[in-house]
Every structure is written in structure tokens, then in C-alpha cells.
1. Out of the residues in the range 21-36 that are of a type in the set (A, V, I, L, M) and surrounded by 17 or more Cβ atoms within 10 Å (Cβ to Cβ), state the one that is nearest to Asp318 (Cα to Cα).
2. Please determine whether any residue of the range 238-256 is more than 14 Å from Glu172 (Cβ to Cβ), open to solvent by 10 Å² or more (accessible area, probe 1.4 Å) and touching a helix residue (DSSP H, G or I) at 6+ places or on another chain (Cβ under 7 Å).
3. Report yes if some residue within the range 297-306 is more than 16 Å from the ligand (Cβ to nearest atom) and either among the aliphatic types (A, V, I, L, M) or open to solvent by 40 Å² or more (accessible area, probe 1.4 Å) (or both); otherwise report no.
4. Within the bounds of the range 282-290, is there any residue that is more than 12 Å from the ligand (Cβ to nearest atom), in a loop (DSSP other than H, G, I, E, B), touching a strand residue (DSSP E or B) at 6+ places or on another chain (Cβ under 8 Å) and open to solvent by 20 Å² or more (accessible area, probe 1.4 Å)?
5. Could you give every pair whose Cβ atoms fall below 7 Å, whose first residue belongs to the range 234-249 and is hydroxyl-bearing (Ser, Thr, Tyr), and whose second residue is open to solvent by less than 30 Å² (accessible area, probe 1.4 Å), counting only separations of at least 6 or pairs across chains?
6. May I ask you to verify whether Thr169 is within 12 Å of the ligand (Cβ to nearest atom), touching a residue at least 40 places away in the same chain (Cβ under 8 Å), under 30 Å from Glu243 (Cβ atoms) and hydroxyl-bearing (Ser, Thr, Tyr)?
7. Say whether the condition of being within 16 Å of the ligand (Cβ to nearest atom), part of a loop (DSSP other than H, G, I, E, B), of a type in the set (A, V, I, L, M) and open to solvent by 40 Å² or more (accessible area, probe 1.4 Å) is met by at least one residue in the range 73-86.
8. Of everything in the range 31-72 that's part of a helix (DSSP H, G or I) and among the small types (Gly, Ala, Ser), which residue is nearest to the chain's Cα centre (by Cα)?
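The values are calculated or read from the model by the stated rules, or taken from the named source; none is laboratory data. Bear in mind that the values here come from a model prediction, so they are computed numbers and not experimental data. Note that each Cβ is placed from the backbone with ideal geometry, even for glycine, and that neighbours are counted across all protein chains shown. The protein model used for the area step is the full one, side chains on, heavy atoms only, and it has no ligands, DNA or RNA in it. Shrake-Rupley method; radii C 1.70, N 1.55, O 1.52, S 1.80 Å.
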Amino acid sequence: MGKPLRLGIAGLGTVGASVVRIVRSNLSTLTLRAGRPVTITAVSARDRKRDRGVDLGGFAWYDDPVAMVADPNVDVVIELIGGASGAAETLVRAALAAGKPVITANKALLARHGVELARLAEAAGVGIGFEAAVAGGIPVIKTLKESLAGNTVTGIVGILNGTCNYILTRMEKEQLSFATCLAEAQRLGYAEADPTFDVGGFDTAHKLAILTSLAFGTEIDADAIYVEGITSISLDDIKAADELGYRIKLLGVARRTDTGIEARVNPAMVPKKSVVAQTSGVLNAVAFDGDALGEVVLVGPGAGGNATASSVIADIVDQARGHLTPVFGLPVVELMPYQKAEIQAHKGGYYVRLSVYDRPGAFAGIAKSMADRDISLESIVQHRRALDGEEALGHTGAPQPVVLITYATRETEIRAALDAIEAAGHIAEKPTLIRIESL
Ligand code: HSE
């Protein structure tokens, strides 16, 4: 049995506390799997007195995580502080500068500074493990970096945020409001400290940026990702999706196209029969398309302490065994510059919900605006509100909800058609536009 691998953990929130608990309770199995003893020697967090429900006895305590890096009894620095900058960034840079490997769950940090940190890690001859940064407990990083190495990956479609999936699932199943479901997700510890990161789509974008780099061998460019969140999804859309055979999911999608990489985060209509549509609650799903393998979908817990800790521990075992791979699958110098395909070039079907004034010529005008741009409609559904008496006999002039599904068209065309419909005064509110993902 080799010499012990000694861990210093910075950040003792939900994930950090779970890592401590699992390392302590699975010590003998871990030692066998790692081929050497694995032991926590030091920890760092903001509040020493807080009860985290785990035994921290025997660990050196550091108020300052950077001071922990210099501890000669720490071989590997585990960063579970979070955030794209600040203490987490300072700590990771300090660890790499000291030639110590890093394990992190920090998707925001990697999405912003990943290439530079990979360069520092290469220069120091150490690794950065980040299995926990994407899709919590699902082994997506190892899958892309190692298991799919024989494939050219052409596309990734993923539910990458447990909080959003939990919210959308509960809204659909229990017809609850967005606010109620978000509060529940926060109570259960799924959401980020600032839930805007979740519901605004930014957490998904950070994860997608990492997957995109691994899948396509490019530098990370988090700013190149088009982002829409779920805050404007209404129960009306969820019900309409259901009637039309779809479910609404917040997806991260990246595909190679003729003009570059199309990478976007948006709520999408997905066919109910697809694995992605059937992934409910806090679960995540990631579908990869590889030329040799075809499609593979991984489904599992994407958030929560134990699930995320499970991925941290997988990286610890790799570290203990000296399994060192380039941070983003290729040496940094081999990563291609990121070439972005604009969202306007996206081609696909669309769900459109309009609030249409109920009067002669409205449908004709809408259909003409679509036809003028070569947009073909697959279906039109009008949910006329129940009316009494005189009103029920004829048109009222009042706005009525109308849902359209288009065949595949370009985003520029559908947006131009909606602008024309709005300019012609046929609709009472801004249209809702949701992309259809034909999985
Ligand atoms: N807030 C994240 C989620 C946690 O809901 O998926 C894991 O990154």
C-alpha cells in the first residue's frame, strides 16, 4: 500500500460536508479502490462554529483557504467554495502555483477561466478534476474525455440544472406556480445561493460551456452561449405543451453546424416519449451523439450533496492512482478557438403562443405573415375562453390565446414574422416563442 493521499477541503457547505462524511465512512473501500489510503488532513470554511452534522475532529482548520495550500500535509486541494472569482479563484491559482492538484465542483470558475487554469495546471504537471462541476453525480466528464474518445461528437443535449427541472416538473404535475416551486427547490438545497443562476439559465450555460469544450476540442467561451431561462414559462405553456405531446425542459444544446458551434440554453418543447422528457424532478439527463456510438443518454441526480460528492470522490480516486489526463481532453495548445454560430441561424420547429384579438382577418393576417417568410404551420390551436350569452355568438374583439406549431424554419424568419404580426396590431401581448427539440 502506497503512502496516503492527503486532502485539504475548502468549503464545507452541502457538498463539502458530504465529501467529509463519505470519505470517513467508506475509508476501507476507498483505500482499496484508490490503491492507497485516502485521508482528509485539513479543512477551511468561513464559520468554524457552525454545526454541519459531520465530525471535523483531527483536521487542521484554516480560516483562510489559501493558507491551507501551504500546509505540507495537504497533497490535493479540493475547492468547494464556488463562484467564478474571489476566494475560489485565488485558492485554485495558489494551489496550481504550488504544484498541487485541484479537484473542484466549480462550473462558473471553469467556464470563465478554464483554459487559463488548464494552462497553469499543465505547466505545473498536475491535474484539475471537475467531474462534480457538471450534472452533479452523473459521470459526464469522464464519459466525454475518456469513454467517447473514439468518437467525433456532433451534438450534446442536456438537462443540466436540477433546480429548473424540479420546478418545471412540479409546475406540470401539480399545476403550481413558478414561485412556489422555486421556494421548495431552495428549501431542499438544490438551488444555487443566488437562484437567478439556476432559473436564468446561467448555471446551465456554465456547464454547457465546459461540455462544449470537451466535446468539440475547443477553447471555452461562456459568453458565446445564447441564454434564455425559465422565468417566463407559464402554466398556459405547460398545459399547451402537454396537449400537443410535448413537455417543456430547460435544455443546454450544443451542435456543430456549417457556420460554427451552435450552443444555447433555452426552454424547449421535447417529445413526451423521449428519455429527456421523461427525466423528472431534480434528475439531469445528458445525451451525446457520437459518430461511432450513435446516441447515448446518461440520466441521474444532477444536484444535492451526496450526488455531487460522489463525483468529487471519483476524482480523488483518479488522483490517488495518478490518473492524469489533459484538463479539457487535449493539451491546451491543441484546443481550437471557439467559432460561434449565431442564434439567428438556428433552424428548427417553433411553438408560438399569441394573444390574438378575436376579430375578422386576424388568423388570415397571421397566416400571411408566416407564408410571406415561407414558414409552414403544422398546427393551430385556439383555446377560446368560455363566453356567455350574446358574446358566445360572435367575435368579441377581446384577445384569445392561440398556439401555433411551425415546421422547421430559421430563427430570423420566425422572428421577422412575429414582428410583422405585432406591427399589424393582431396581438395584445408579446408573443411567447419556444424552440422545439426533435429528440
Ligand atoms: N443548482 C444546481 C442545480 C446544482 O440545480 O443543478 C448543481 O450544479
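1. So the residue we want is Ala34.
2. Yes; the residues of the range 238-256 include at least one that is more than 14 Å from Glu172 (Cβ to Cβ), open to solvent by 10 Å² or more (accessible area, probe 1.4 Å) and touching a helix residue (DSSP H, G or I) at 6+ places or on another chain (Cβ under 7 Å).
3. The answer is yes; a qualifying residue exists.
4. No, every residue in the range 282-290 fails to be more than 12 Å from the ligand (Cβ to nearest atom), in a loop (DSSP other than H, G, I, E, B), touching a strand residue (DSSP E or B) at 6+ places or on another chain (Cβ under 8 Å) and open to solvent by 20 Å² or more (accessible area, probe 1.4 Å).
5. Tyr246/Met269; Tyr246/Val270; Tyr246/Pro271
6. Against the criterion (within 12 Å of the ligand (Cβ to nearest atom), touching a residue at least 40 places away in the same chain (Cβ under 8 Å), under 30 Å from Glu243 (Cβ atoms) and hydroxyl-bearing (Ser, Thr, Tyr)), Thr169 does not qualify.
7. Checked the range 73-86: at least one residue is within 16 Å of the ligand (Cβ to nearest atom), part of a loop (DSSP other than H, G, I, E, B), of a type in the set (A, V, I, L, M) and open to solvent by 40 Å² or more (accessible area, probe 1.4 Å).
8. Ala34
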